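The structure appears right after this line, and notes come after that.
Since every read-out is calculated from the coordinates, none of them should be taken as a lab result. These figures come from a predicted structure and were not determined experimentally. Neighbour counts run over all protein chains shown; Cβ positions are idealised from the backbone, glycine included.
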Amino acid sequence: MAIALESRLISFALKGTDEKVHGPELYTGAKVLGVIFSCNHCPYAQAWEGRLIEIQRDYAGRSVQFLLINSNDPAKYPDDSFPKMQRRAQEKGYPFPYLFDETQEVARQYGATRTPEIFLFDERRVLRYHGAPDDNYENPGAVRQPYLRSAIEALLGGKTPPTAETKPVGCTIKWK
């Protein structure tokens, strides 16, 4: 079960595709911090990938930072191996760190079960939104509920997100 709304951020330190260790403490200046569980192979993660990149770029100048985490077992899904993560981050020009949760401990602590699955924290690092990026993974033009963007806008304005929780939609995390 995922951590509850209003929970405090759970710290972690994970190796990124840039070969550096990243954790939330490196981004203390961010007014909004998104911890997003994702991966390479999942069609849902792939469908939302471009939108997550766009959102990060749109809000980077407004103190919003995403940390993308892959917790899948690469023995079962070789496309989610660290070298392939590095290749994907480079090919797609990820504007956020892409981190490997090799032990799957971070996913377990957060109670993450899907890719993608978003945990969005406010400036005090309190969980204010959990769920899917929006209401239509298949067609960006048909999105009616941009959950993530709406939550970011609300938090930047010092308000409560209009929708605080949605059901994460995507592939299951591939456990060891």
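A compact table of results
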read-out: Ellipticity estimate at 222 nm from DSSP helix runs (n ≥ 4, -39,500 (n - 2.57)) divided over the chain, nearest 500; value: -7500 deg cm²/dmol
read-out: Cysteines in the chain lacking a second Cys C-beta under 4.7 Å; value: Cys39
read-out: Ranked packing of 43-51, 87-95, 164-172, most packed first, by mean Cβ within 10 Å; value: 43-51, 164-172, 87-95
read-out: Karplus-derived 3J(HN,Hα), 6.51/-1.76/1.60, for each residue of segment 152-168, Hz, glycine and proline x; value: 4, 4, 4, 5, 5, x, x, 10, 7, x, x, 10, 8, 8, 9, 6, x
read-out: The chain - charge dipole about Cα centre, Lys and Arg +1 at Cβ, Asp and Glu -1, debye rounded to 20; value: 120 debye
read-out: Selected from Gly131, Pro74, Leu99, residue furthest toward positive end of dipole (segment 14-172; charges at beta carbon); value: Gly131
read-out: Surrounding net charge for Pro168, when Lys and Arg each add one and Asp and Glu each subtract one, Cβ distance under 14 Å; value: -2
read-out: Contact order relative to length of the chain, as percent, for alpha carbon pairs under 8 angstrom and 6 or more apart; value: 29 percent
read-out: Under-5 Å amide H pairs with Leu67, H placed in peptide plane, nonlocal only; value: Gly34, Val35, Ile36
read-out: Listed values (1) 0.92; (2) 0.96; (3) 1.01, entry calculated as Rg/Rh (Cα atoms, Kirkwood Rh); value: (1)
read-out: For segment 1-53: relative contact order, % (alpha-carbon pairs under 8 angstrom, 6 or more apart); value: 17 percent
read-out: Within-11-Å neighbourhood charge of Glu153 [Cβ basis; K, R +1; D, E -1]; value: +2
